[in-house]
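The values are calculated or read from the model by the stated rules, or taken from the named source; none is laboratory data. On a predicted model such as this, the values are computed, not experimentally measured, just so you know. Please note: Cβ atoms are built from the backbone with ideal geometry, for glycine as well, and neighbour counts cover all protein chains shown. Accessible surface areas use protein heavy atoms only, side chains included; no ligands, DNA or RNA. Shrake-Rupley method; radii C 1.70, N 1.55, O 1.52, S 1.80 Å.
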Amino acid sequence: MRKVRITKEFTFETGHALYGYDGKCRNVHGHSYKLAVTVIGTPINELGHVKHGMVIDFGDLKKIIKEEIVDPFDHATVFNKNTPHVELAKELSDRGHDVILVDYQPTSEMMIIDFADKIKGRLPSNITLHTLRLRETETSYAEWHAADQV
């Protein structure tokens with residue numbers, strides 16, 4: 001049977017600040033992110049199987065992405081924990097805000113690498129992460145392709 005790619009899209013609101021950056025994004029600000037997740041696999045070809053004809057149930061893919069990315073990142077603020085922003089993160093967290101501390105500069109490029117690692121670790125063995133597209137604004141996005149990771 002032939003391989004098929006399927007894509008599910010997600011939206012979430014996340015704040016961040018880029019420590020040491022020379023533009024406006026050094027300030028705390030937010031984006032309405034749009035994440036498109038494309039996986040590839042062979043549709044299940046077992047007549048009695050409840051997922052017959054599916055590569056993966058869209059609901060199962062949604063559960064993985066919501067648990068790993070959407071739920072933690074939605075309405076949270078992301079800071080690089082290896083910068084002085086860690087002090088601001090502590091202050092916000094102490095005031096009840098959702099804060100995520102990461103080991104990288106929270107750019108779209110670095111976030112998408114993090115997301116790929118999180119998603120790959122949760123996919124069934126017969127499904128491969130093919131592509132991620134993280135849209136930060138209407139005209140700007142980062143892409144991750146499995147083929148580029150060699």
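Things worth noting here:
- Counting only Cβ charges, +1 for Lys and Arg and -1 for Asp and Glu, the dipole size of the range 109-150 around its Cα centre is about 260 debye.
- If both residues of a DSSP beta bridge must be in the range 17-150, then about 75% of such bridges are antiparallel.
- Contour excess over end-to-end distance, with Cα ends at Tyr104 and Glu143 and 0.36 nm allotted per residue: 12.3 nm
- In Å², nearest 10: area of Tyr141 left accessible to a 1.4 Å probe: 110 Å²
- Accessible solvent surface per residue of the chain, calculated while the other protein chains remain in place, 1.4 angstrom probe, Å²: 59 Å²
- Figure note: Asp114, Asp94, Asp22 ranked by solvent-accessible area, largest first, 1.4 Å probe, ligands and nucleic acids not counted: Asp22, Asp94, Asp114.
- Label-to-label distance for Lys63 and Cys25 is 3.5 nm, based on points extended 7 Å past Cα in the beta-carbon direction.
- Relative contact order for the range 68-150: 24 percent, from Cα pairs under 8 Å spaced at least 6 residues apart, divided by residue count.
- Cross-linked pairs Lys90/Lys118; Lys51/Lys81; Lys24/Lys62: Cα-Cα separations exceed 31 Å for Lys51/Lys81; Lys24/Lys62.
- In percent, rounded to a whole number, the relative contact order of the chain is 27, using alpha-carbon pairs under 8 Å and six or more apart.
- Estimated 222 nm signal from helices in the chain, with DSSP H stretches of n ≥ 4 weighted -39500 (n - 2.57), rounded to 500: -6000 deg cm²/dmol
- Extension gain, Lys3-Val50: 0.36 nm per intervening residue step, less the Cα-Cα distance, totals 15.0 nm.
- Euclidean distance of C-alpha centroids, the range 58-135 and the range 7-44, integer Å: 8 Å
- Positive-end residue of Ile112, Ala17, Gly59, charge dipole of the range 1-144 with Cβ unit charges: Gly59
- Taken about its Cα centre, the chain carries a charge dipole of roughly 500 debye when the Cβ of each Lys and Arg holds +1 and the Cβ of each Asp and Glu holds -1.
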